[in-house]
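So the structure is just underneath, and the comments pick up after that.
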Ligand code: KG4
Ligand code: ZN
């Protein structure tokens, strides 16, 4: 089983070929990614029109490269998957249309993949984590604590009531004059800063519902930064370190509450998983690792190249769906918004989102 996957929902154009061998293990045959970060850096964030145009310019080249470096021809691919949302609609259309055209010409099944489901299933590609697992999905656009019960089957425990975690990193970076994307920069500078210099709030600390709130923390950083402007290099490092410490403690507290919720629901999970671009952050991983250890569970984080947006996770999610007999019609419309499937949990009437 071999799938071509295409990703264009944000600022990475990506194409990859992934297969599952007879033992059920996933194997990445190629994983080509072209980041547009430089095109957007001057604006401090992703500009949708620039993104869509940049995807068009490199899409065909990337598909060719993904096939060539996998050493397979289009006719040797079993199905073609593309992220059909959620994301910036212009970009989504580019990847989706490309995948549909290839599927039509090569007479292969077409798979419309939810970008969030692709992040959620990505740890199964490399580590083979068994369902169900508790997932913290944290990226520039999304922050969710989910139980991943199976393909197309999610129980959402919590989400952010304002900014996403990656977005908070990006916004704090921007206010401190750092480059986009902010996460890696803030993490780098935090290593050389004093995490105890500023006492930033830990939003929602102790609240039972495992939701997140980050905009108050972001505002607190702004107020402190304005008080001591002009900022020295050490001030910036200390602000980054104190901000990151607040985020880490907040994430641990929120995830702890998610575990309490699982106990109440009598759900036992096989692992704690972190996925999405923010999973690259070592301080966050270390905090979650300690929590997982206390719960006697492994912390699973996909390798860095699979944490940020990529084509392999789209191909893998397509593969898992295809093996469940889920294929999509060629008139499947791109979706700017697309929450994970809603079903009803018979155990306690909880809503899966
Ligand atoms: O999953 P992703 O590549 O794209 C989205 O779907 O959003 O995630 C990108 C986000 C950005 O907000 C970026 O700042 C954040 O992930 N990020 C990090 C780190 N590396 C990337 N946040 C914190 N620490 C990092 N090391
Ligand atoms: Zn993403």
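The values are calculated or read from the model by the stated rules, or taken from the named source; none is laboratory data. Predicted model, so just to flag it, every value in this text is computed and none were measured. Quick reminder, even Gly has a Cβ in these numbers, built from the backbone with ideal geometry, and neighbours come from all protein chains shown.
Remarks
- For the stretch 13-38, the candidate set comprises residues that are in contact (Cβ under 8 Å) with a residue 24 or more places away in the chain and either over 25 Å from residue 106 (Cα atoms) or out of contact with any strand residue (DSSP E or B) (no Cβ under 8 Å at 6 or more places or on another chain) (or both); within that set, the residue that is surrounded by the fewest Cβ atoms within 10 Å (Cβ to Cβ) is 24.
- Qualifying residue in the stretch 165-182 (condition: within 14 Å of ligand 1 (Cβ to nearest atom), out of contact with any helix residue (DSSP H, G or I) (no Cβ under 8 Å at 6 or more places or on another chain), under 17 Å from residue 284 (Cα atoms) and touching a residue at least 24 places away in the same chain (Cβ under 8 Å)): yes
- For the stretch 131-150, the set of residues classified as modelled with pLDDT of 95 or more and not in a strand (DSSP E or B) consists of 131, 132, listed by residue number.
- Within the stretch 124-146, the set of residues being closer than 21 Å to residue 184 by Cα and touching a strand residue (DSSP E or B) at 6+ places or on another chain (Cβ under 9 Å) comprises 136, 137, 138, 139, 142, 143, 144.
- Any hit, the stretch 52-67, residues being under 23 Å from residue 330 (Cα atoms), part of a loop (DSSP other than H, G, I, E, B) and either touching a residue at least 24 places away in the same chain (Cβ under 8 Å) or within 15 Å of ligand 1 (Cβ to nearest atom) (or both): no
- Residue count, the stretch 291-311 (criterion: farther than 22 Å from residue 256 by Cβ, touching a helix residue (DSSP H, G or I) at 6+ places or on another chain (Cβ under 6 Å) and at pLDDT 95 or above): 0
- Only one of the listed residues (112, 99, 79, 106) is closer than 27 Å to residue 279 by Cα, modelled with pLDDT of 95 or more, assigned by TED's automatic domain parsing to the domain that holds residue 49 and in contact with a strand residue (DSSP E or B) (Cβ under 8 Å, 6 or more places away or on another chain). That residue is 112.
- Hey, residue 90 outside any helix (DSSP H, G or I), touching a residue at least 12 places away in the same chain (Cβ under 8 Å) and within 30 Å of residue 165 (Cβ to Cβ) or not: no
- Residue in the stretch 255-277 that is touching a strand residue (DSSP E or B) at 6+ places or on another chain (Cβ under 9 Å), at pLDDT below 95 and closer than 15 Å to residue 169 by Cβ present: yes
- Scanning the stretch 9-35 for residues that are in a loop (DSSP other than H, G, I, E, B) and within 12 Å of ligand 1 (Cβ to nearest atom), we see that the one that is farthest from residue 181 (Cα to Cα) is 9.
- When the stretch 256-298 is limited to residues that are over 16 Å from the mean Cα position of the chain (by Cα) and within 16 Å of ligand 1 (Cβ to nearest atom), the one that is surrounded by the fewest Cβ atoms within 10 Å (Cβ to Cβ) turns out to be 286.
- Test result for residue 319, buried (at least 23 other Cβ atoms within 10 Å of the Cβ), more than 16 Å from ligand 2 (Cβ to nearest atom) and not assigned by TED's automatic domain parsing to the domain that holds residue 193: yes
- Qualifying residue in the stretch 200-215 (condition: touching a residue at least 12 places away in the same chain (Cβ under 8 Å), within 24 Å of the chain's Cα centre (by Cα), away from ligand 2 (no atom under 16 Å from the Cβ) and not in a loop (DSSP other than H, G, I, E, B)): yes
- Residues that are in a helix (DSSP H, G or I) and in contact with a strand residue (DSSP E or B) (Cβ under 6 Å, 6 or more places away or on another chain), drawn from the stretch 288-320: 288, 289, 292, 311, 312, 314, 315, 316, 317, 318, 319
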